[in-house]
Structure formats: C-alpha cells, structure tokens
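Here the structure is laid out as structure tokens; the discussion comes afterwards.
The values are calculated or read from the model by the stated rules, or taken from the named source; none is laboratory data. As the structure is a prediction and not an experimental result, all values here were calculated from the model. So basically every Cβ, Gly included, is an ideal-geometry build from the backbone, and we count neighbours across all protein chains shown.
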Amino acid sequence: MNNINPLYLLLFFTSVALFMIYQTSNMEKKTAYVIQQNTTLEKSGQYVKTLKDRWKNPKESQKRIDAVLALREFKAKVTQKSYKKGIYHIELKELSSLQLDKFNNKILNESVSIKKMSLLRNADKTVTLIMEFIL
Amino acid sequence: MKFPIKQSKKSTKTALIFLDKNSKAMQSEKKVDIILSPSLYWFREELLPVKGASQAKKLAPSLFDAVIPEGTYSYLAQKNGDTFWLFAFNDAEIAKAISNAGLRVNQIQNIYFAQNECEKADKALKVNENFALVNNEGTISLLPLRYIAESMDAQTFFEMHKRSKHKISINLFQNTLVDEKQLNRLIAIAIVFIFIYLGAYLMQQQQFKKVLTQQHALNESYQLPQTSFQLKGLIKALESKQKRQLSLRSHLKKLFKLSLKKGEYIKKFDVNIKKYTLEIVLKDAKHAEGIKTQLQKSSKITSAKVKKKIFYVSGTYE
C-alpha cells in the first residue's frame, strides 16, 4: 500500500505552515528595519542638505555674496570681483568705519565659506577690504 | 493464519502473506503483498440494474445491510461479466489483523481479496494445517481441511499465478491517536494557515520591495552615499566645515571688538581660519601688553613686537 500516514501529512503541512509563519515574521522584521532605516536616512538627508546648502553650494554662496555687494551702500565701493579655482575674490575700497561695520554684519551672517579676510587702513582713514570665499 | 515469508516471483524484495483474523505475529522488514482471508471481508455476487461498478458500489451498503453485523464498513464493487462482485470490509478490523501479524503499514505494498486471487483455482488451496480455501460455486471461502478430500498448497498456487489487477485501497491508519476526520480537519487548518501566511508573506514582500525603492529614492534625492559609513563621513566633514566657519566668525568678532584706547587703530589685518596677523598703531607702547592679553584669551600668540609705536602681532587659533 502506498498510502501515506495522515499523521505524516499533518506533520508535513504543520511544518510548512510553521515555516511560512517564520518567513512572514522574518520578512516583517526586515521591512520594519528598512522603514526605520528610511526614517533615519530622511533625517540625515535633510541635515546633509541643510549643511550643503549653507557651506557647499557654490551657486547659492556666490548669489549671497553678490547680493551683499549689490547693496546700494557697497555697490560703488566694489573694485574687484573674480573667481579662480573655486575661490571667489572680492575687494572693496574706501569704506568708512561705519560702512565696514555694516558690511561685516551682513557678510558674517551669511552662510558662505570665508577663506581669508584682509583690512588695510588708508591715510584718509578709509579702509580697503579684501576677502576670499571658498565656493 | 499466514504463510511463512517467502519471496514472490514478481519481486525478490516482496513477500506474500495470507492474512487471517487469527494471524500470529511475525518478524519481517520486507515489503509484503497481502491476500485477505474471506474471514476479513463479506462477499456477494449480484445481478444489478446498473451499468458501472461505481453505481453498483452505491447500492452495496443496502445489499449487505441485513447480512453483515453492525459496524463501519467500506464497500467495493467489481464488474464480472453480467454480474457484480460486491465486497464489504471493516478497515479497522483489517488494520488490527495487520498489526497483530506484526506488520507495519509502510511495509505493505498491495492488498488483495482471496476472492480475486483464487478464482482460477480448480482445487482447494491449503493455507495451513487446519484450513483451506475452496471455490464454492464461484465464492471463495475458508473451510476446515478435514472436509476436503484433495488440496494443493496455496503458497505454490499463488507463486504460479500472477496477482489480479484488483488491488484494494484500505485506510490502515486506524490505530492513530486521533481519528481520520480529526486529522483531515487539522490538515485542512494547517493548509488554511499556509495559504493565509503565504498571502501575508507575499504582501510583506511587496511592502519590503516598496520600502527598498523608497530608500533608493531617498538616496537619489538627497544624493547620499551608498553606505552608512560614507554618510557618517560626509556629515562629519560638513559639520567640521560648519564648526570652522562659525569659529572664524567668532574670532573675527573678537578682533573687531579689541579694546583700543582713543587714537589707536588697526592699520593692517589679515585673518584666515588658522592664523591672523595684526598691525595696531598705539598711542602708548605699554598698551601692547593689554592687547596681547586680550588676544591670548582666544588664540596662541606666535610673535609680538612693538616698533615705532606699531604693535606687530600674529597668532594661531587652537
């Protein structure tokens, strides 16, 4: 007789059912883990985006610097603006001490990477300001 | 009642057993074919107004109803010329006889009725010292040997003749702890669970693929590196850059707020992230020390000298 003992059948199907339960639970855990990873990734992604926008966004950085230079009180003082190998070079001449204070307040509050800042007091008490930014 | 285990002609690995209600226990590991004694089934030959064996089988319970003792029976019908051979047998009783004979269910290859296997016998077939199978007008029955004048060895007869095509299917698992209906119910429940969890698994798999796609999309949209190690490195580099820039702004503010006396001023000023150089015009050369002290609070002075009331000082940020 090639009959199969129903107990063996029950054992087989129960094993398959248990296997399926295990696999489903395993897949559930894996999915939950990836969802958690995605949440962390989203937060990290937004943080990286903010940091990059502030310090590693050449176009935006140049726009921010140019916007300050384009202000009415500084526009006439700008004598040089140049870009070379990732460095944005600017020069402002004949700034009064008040103008210098205002310019510093503006530029130091912008999210731009400053590489260097030089000041030279002229004989007429005005100031020549040279700055380099990393773009 | 049984034959000693002998190899059948059909297969060298298969033994042939004549199984009776009173068969005694034996020791064998071989596969066996069983021929059921007439004591283990009821037989009737009937002329029935039906065409096929399956229809005849439906009529069998009512035909045996008044003949056989009360109990749970399985029925079988075979077409034999114009008539039908009808069998009734008790699965549990046969299973018990098999168990009493010391046989395991998985040893049993095929089961036959003596009715089918002895049809061609023209003499009585001696099955042991006391009994023989006789063909009584087409019905095989078991009779005491003392009533029989001439007989031949049943073993020899079975070896000489091939088995019939009428194998019987019997539920032999009568001795399990739970009955077959309960087992089938449990199997059905297990299968239902399999399907439920298979469905759940497939849905979960889809969900898993979806969140993986989301992860990929997040990496793409934020242009993040592939590994978390690289991501940590990127964040660290950006944070470090931010820290340097904020620190530079803090140093610049301190330099612009240097406490100078009236008439003193910064003539020249060079600052980058790491170091600074200042030229401060003084009214009094002694004030250089005060300025130096102020600068030392946030930097390390690398050189400081006063020449013609100009204080040349440079330093580095720690």
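Checking region B:260-276 against the condition returns a match, with at least one residue being among the charged types (D, E, K, R), assigned to a strand (DSSP E or B) and free of Cβ contacts under 8 Å to residues at least 40 places away in the same chain. Condition check: more than 7 Å from every other protein chain (Cβ to nearest Cβ) and touching a residue at least 40 places away in the same chain (Cβ under 8 Å). Does A:D53 satisfy that? Against the criterion (more than 7 Å from every other protein chain (Cβ to nearest Cβ) and touching a residue at least 40 places away in the same chain (Cβ under 8 Å)), A:D53 qualifies.
Residue-level check: of (1) under 30 Å from A:N38 (Cβ atoms); (2) within 7 Å of chain A (Cβ to nearest Cβ); (3) more than 41 Å from the chain's Cα centre (by Cα), B:G233 misses just (2).
Yes or no, residue by residue, for (1) acidic (D, E); (2) in a loop (DSSP other than H, G, I, E, B); (3) within 18 Å of B:H251 (Cβ to Cβ):
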residue: B:I280; (1), (2), (3): no, no, yes
residue: B:K283; (1), (2), (3): no, yes, no
residue: B:I291; (1), (2), (3): no, no, yes
residue: B:Y312; (1), (2), (3): no, no, no
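A count restricted to region B:109-152 and to residues that are touching a residue at least 60 places away in the same chain (Cβ under 8 Å), assigned to a loop (DSSP other than H, G, I, E, B) and hydrophobic (A, V, I, L, M, F, W, C) stands at 1. Against the criterion of being surrounded by 15 or more Cβ atoms within 10 Å (Cβ to Cβ), at pLDDT below 95 and assigned by TED's automatic domain parsing to the domain that holds A:I130, A:K84 does not qualify. If you check A:Q62 against the conditions, is it more than 14 Å from chain B (Cβ to nearest Cβ), surrounded by 12 or more Cβ atoms within 10 Å (Cβ to Cβ), assigned to a helix (DSSP H, G or I) and polar (S, T, N, Q)? Taking the combined requirement at face value, the residue satisfies it. The number of residues in region A:81-130 being touching a residue at least 40 places away in the same chain (Cβ under 8 Å), facing chain B (nearest Cβ under 10 Å), part of a strand (DSSP E or B) and within 28 Å of B:Y312 (Cβ to Cβ) comes to 1.
Residue-wise test of (1) surrounded by fewer than 18 Cβ atoms within 10 Å (Cβ to Cβ); (2) closer than 18 Å to B:S39 by Cβ; (3) among the β-branched types (V, I, T).
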residue	(1), (2), (3)
B:G81	yes, no, no
B:F89	no, yes, no
B:I111	no, yes, yes
B:N116	no, yes, no
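Examine region B:240-258 for a residue that is more than 60 Å from the chain's Cα centre (by Cα), outside any helix (DSSP H, G or I) and closer than 30 Å to B:K308 by Cβ, and state whether such a residue exists. Within region B:240-258, one or more residues are more than 60 Å from the chain's Cα centre (by Cα), outside any helix (DSSP H, G or I) and closer than 30 Å to B:K308 by Cβ. Of everything in region B:44-56 that's in a helix (DSSP H, G or I) and without any contact (Cβ under 8 Å) to a residue 24 or more places away in the chain, which residue is nearest to B:H166 (Cα to Cα)? Taking the candidates together, the pick is B:S54.
Name the pairs: first residue in region B:290-312 and within 14 Å of B:E279 (Cα to Cα), second residue surrounded by 11 or more Cβ atoms within 10 Å (Cβ to Cβ) and among the acidic types (D, E), Cβ to Cβ under 7 Å, at least 6 apart or on different chains? Final answer for the pair search is B:I310/B:E279; B:Y312/B:E279. Within region B:143-169, being under 21 Å from B:Q78 (Cα atoms) and either in contact with a Phe, Trp or Tyr (Cβ under 6 Å, 6 or more places away or on another chain) or not hydrophobic (A, V, I, L, M, F, W, C) (or both) holds for B:H161, B:K162, B:R163, B:S164, B:K165, B:H166, B:K167, B:S169. Right, A:Y33: surrounded by 12 or more Cβ atoms within 10 Å (Cβ to Cβ) and either at the interface with another protein chain (Cβ under 9 Å from one of its Cβ atoms) or of a type outside the set (F, W, Y) (or both) or not? Considered against the rule, which asks whether it is surrounded by 12 or more Cβ atoms within 10 Å (Cβ to Cβ) and either at the interface with another protein chain (Cβ under 9 Å from one of its Cβ atoms) or of a type outside the set (F, W, Y) (or both), A:Y33 comes out as no.
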